[in-house]
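Heads up, the thing below is written out as structure tokens.
Please treat every number below as a calculation from the coordinates, not as lab data. As the structure is a prediction and not an experimental result, all values here were calculated from the model. Here the Cβ positions follow ideal geometry from the backbone for every residue, glycine too, while neighbour counts run over all protein chains shown.
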Amino acid sequence: MMDNFEFKPEESKVNRTPLIWNILTVLIVLGILGVGFYYLSIFANPNSPLNPFPPASIPTLYQTATFTSTWIQQPATWTPTNTIPPEASRTKAPTWTLLPEMVTPSVTLTPGITSTESTQTITATTMPASAVVTYIPSTNFHPDKGCNWLGVGGKVLGTDGKPLINQYIQMGGTLDAKSINFLTLSSTASIYGASGFEFVLSDHTIASSQTLWIQLFDINFKPMTNKIYFDTYTDCARNLVMFTFTKTR
């Protein structure tokens with residue numbers, strides 16, 4: 001009976017479970033190393049392309065040119081100008097009612113270049129000052145100029161006839177098709193007295209008719225006269241227009 005049976009050796013079964021676990025362990029270790037390398041690279045270089053959340057860019061500091069102050073040296077012959085503009089912060093007093101000037105001409109013409117002279121007395125009844133206008137040769141005050149000069153000069157007097165300084169004198173209009181706009185103070189031209197003033201118009205004589213005007217203001221820039229229009233001449237004996245302003249009240 002036993003001869004009818006064949007004994008076959010049992011085939012041994014291979015247990016692959018440990019191999020799978022070993023492979024998984026290796027993969028996990030490699031994954032941990034990869035993740036560690038990934039974080040280390042981001043930590044070392046936050047701006048790395050691998051970082052999905054890179055830090056915000058720092059603005060570039062704006063550099064400006066270094067300021068260097070430079071002292072401006074005035075020329076040795078520099079002197080301050082006499083033109084003093086009115087201060088913007090001044091408050092003008094109530095406006096005077098400007099009425100046309102009452103002109104009482106008193107003209108005396110004497111033959112001869114050196115003695116020709118004409119005078120006008122200008123009185124504005126509503127204004128606190130009057131003016132006397134005289135045309136004389138500039139050589140009376142500028143002996144070296146002769147006919148090579150044209151200008152306006154004068155002085156300002158108080159009610160007591162004494163010099164009244166620091167009063168504004170403004171002149172404007174046109175001369176020889178050029179605009180004129182000057183401002184000065186009494187006491188800036190001592191050749192005409194303690195309250196003298198002067199405007200130089202040209203280095204030669206020019207004729208004009210009522211295109212120039214002059215006006216007196218007090219220390220607060222309140223009008224003391226109306227605009228007084230006057231003429232200029234090519235006559236060398238009348239190339240200085242003299243104004244004597246006198247405060248009447």
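Annotations
- Full extension of the segment from K227 to A194, taken as 0.36 nm per residue of separation minus the current Cα-Cα distance, would add 9.5 nm.
- Exceeding the 26 Å Cα-Cα cut-off - candidates K178/K227; K155/K222; K178/K247: K178/K247
- Across the stretch 162-170, coupling constants 3J(HN,Hα) worked out from phi with the 6.51/-1.76/1.60 Karplus curve, θ = phi - 60°, read 8, x, 10, 8, 6, 9, 7, 10, 10 Hz, and Gly and Pro carry x.
- Net charge of neighbours whose Cβ lies under 13 Å from the Cβ of I165, counting Lys and Arg as +1 and Asp and Glu as -1: +2
- Order by protection proxy (mean Cβ within 10 Å, highest first), peptides 167-180, 144-157: 144-157, 167-180
- Close amide H partners of I206, meaning residues 5 or more places away or on another chain with modelled amide H under 5 Å apart, are Y233.
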